[in-house]
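I have placed the structure first, in the form of structure tokens, so that the comments after it can refer back to it.
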Amino acid sequence: MPMPGPEVIESHELRERMVRKRHAIDLMELSFAEDAALFAAKGDYDELGYVSGIDWIRFNCHMTSGTAADRVAVGDSMHRMPRSIEAVGQGEIGLAHVTVMARAAATLKDRFDERPLLEYARDNSPGKLHFFCRHARHVVDPQGYSAEEAEQAQNRRLSLSSWIDGTMVLSGVLDAFGGAALRSALEPLARSSGEGDHREREQRLADALVELAAGRARTNLQVTSSVETLLGLAGASAADMEFSLPISARMVERLACDSGVTRVLLDSESTVIDVGRSKRVVSGPARRALNARDGSCRWPGCDRPPSWSAAHHVTHWIHGGSSDLDNLILLCHRHHWMVHEGKWQLVRSDDGRMLAIPPTVRFGPPARAPD
Ligand SMILES: [Zn+2]
Ligand SMILES: [Zn+2]
């Protein structure tokens, strides 16, 4: 008697069957998400010996903590996106879409509006929806968005430990911008050099890092921003940067300060100008004059050389500041960040010295309680 062979099925039947199964799974997942949120809210997991509802679910439902947290988030936000839940029922979008939307809903709460997101989700992948949600968040809450970025930046870590043979082990964490900046710098150098290059990607990246450190490479970030975003106008979307999540108006202001922004969209028709090649770029004789005048970063006590510094516009060109020498000072990259995103102020004292004034710290509750 012949052994049963593999099932014979036409490709199109197989595809249809998979779509049907995934839809059924998504419906079950929605139902699970509802229960998961209910359980997490009940709070009796600690009597059972678990630190959180997610922890109990992770262990007893055999899931990773990330997936368990995603389900709880969806369950928690269902009431904010009834149309989207309905769309999952109709098979128009999937659980992955509402998971992305749930994260946005959890942050924006009453300011969350599912309609534009749902419209976008119908024709786009969950990955693209994630980017779209980031833009939507920036429109509603540019300050919160920027504060989150700044917090990420403060949590950068890199440890370099040397072994006895001189080998170095690197490990660390970068914020979204830092990671994107590093990748932008490394990717061109990490490309396979063609025939005969049998290095794995990890090896090529390591080689690229060394080359970069040795000073043979220069970063060139691809940033696209609208003028509205640069001006920090209410309702402006975030800017886009290669390898990165959308970035805030504050960050783009700094990048544009020294023409790190390579493209700015001029108007609603999205006409593109190339800022990098416009007259705002401080290069050639103008940059040499600035380097000679300042000698190093102008931050009090900092002596980073001009080659590690940016030409900071004291009055930003987007606000009408000129690129003449008297409106420019050299700031190293860290101090440039502190002036733009860190909100420090640099002022010239009567005797010509620069003074750095830290951002005002406010104590007590915020003017308007968060919802
Ligand atoms: Zn600047
Ligand atoms: Zn400095």
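The values are calculated or read from the model by the stated rules, or taken from the named source; none is laboratory data. Treat the numbers as computed from the prediction; the structure is a model and nothing was measured. With ideal geometry, Cβ positions are generated from the backbone for all residues, glycine too; neighbour counts draw on all protein chains shown. Protein only, heavy atoms only, side chains kept; ligands, DNA and RNA dropped before computing areas. Shrake-Rupley method; radii C 1.70, N 1.55, O 1.52, S 1.80 Å.
Of the residues making up the stretch 294-319, those that are within 11 Å of ligand 2 (Cβ to nearest atom), part of a loop (DSSP other than H, G, I, E, B) and either aromatic (F, W, Y) or in contact (Cβ under 8 Å) with a residue 60 or more places away in the chain (or both) number 1.
For the stretch 294-319, taking the residues that are open to solvent by 40 Å² or more (accessible area, probe 1.4 Å) and within 15 Å of ligand 1 (Cβ to nearest atom), the one that is nearest to L230 (Cα to Cα) is identified as H319. Check whether at least one residue in the stretch 275-293 is within 12 Å of ligand 1 (Cβ to nearest atom), modelled with pLDDT under 80 and part of a helix (DSSP H, G or I), and report yes or no. No, the stretch 275-293 contains no residue that is within 12 Å of ligand 1 (Cβ to nearest atom), modelled with pLDDT under 80 and part of a helix (DSSP H, G or I).
Figure legend. Inter-residue proximity from the stretch 245-264: first residues under 20 Å from A185 (Cβ atoms) and at pLDDT below 85, second residues open to solvent by 30 Å² or more (accessible area, probe 1.4 Å) and assigned to a loop (DSSP other than H, G, I, E, B), beta-carbon distance below 7 Å, spacing 6+ or different chains. Indicated pairs: S259/R280; S259/V281; T262/Q222; T262/D274; R263/D274. Would you say I85 is over 27 Å from Y120 (Cα atoms), open to solvent by less than 80 Å² (accessible area, probe 1.4 Å) and β-branched (V, I, T)? Judged against the criteria, I85 is not a match. Of L174, L189, which residue is without any contact (Cβ under 8 Å) to a residue 60 or more places away in the chain, out of contact with any Gly (no Cβ under 9 Å at 6 or more places or on another chain) and open to solvent by 50 Å² or more (accessible area, probe 1.4 Å)? Result: L174 is the single residue among L174, L189 that is without any contact (Cβ under 8 Å) to a residue 60 or more places away in the chain, out of contact with any Gly (no Cβ under 9 Å at 6 or more places or on another chain) and open to solvent by 50 Å² or more (accessible area, probe 1.4 Å). Give the residue that is nearest to ligand 2 (Cβ to nearest atom), with candidates limited to residues of the stretch 320-329 that are in contact (Cβ under 8 Å) with a residue 24 or more places away in the chain and open to solvent by 30 Å² or more (accessible area, probe 1.4 Å). The qualifying residue nearest to ligand 2 (Cβ to nearest atom) is L325.
What do you reckon, is R71 open to solvent by 50 Å² or more (accessible area, probe 1.4 Å), under 29 Å from F132 (Cβ atoms), touching a residue at least 24 places away in the same chain (Cβ under 8 Å) and under 33 Å from the mean Cα position of the chain (by Cα)? Steps first, please.
On the way: open to solvent by 50 Å² or more (accessible area, probe 1.4 Å): no; under 29 Å from F132 (Cβ atoms): yes; touching a residue at least 24 places away in the same chain (Cβ under 8 Å): yes; under 33 Å from the mean Cα position of the chain (by Cα): yes.
So R71 does not fit the description; no.
Among the candidates R122, R111, the residue that is modelled with pLDDT of 95 or more, open to solvent by 60 Å² or more (accessible area, probe 1.4 Å) and not β-branched (V, I, T) is uniquely R122. Scanning the stretch 330-347 for residues that are open to solvent by less than 20 Å² (accessible area, probe 1.4 Å) and touching a strand residue (DSSP E or B) at 6+ places or on another chain (Cβ under 7 Å) yields L330, L331, C332, H336.
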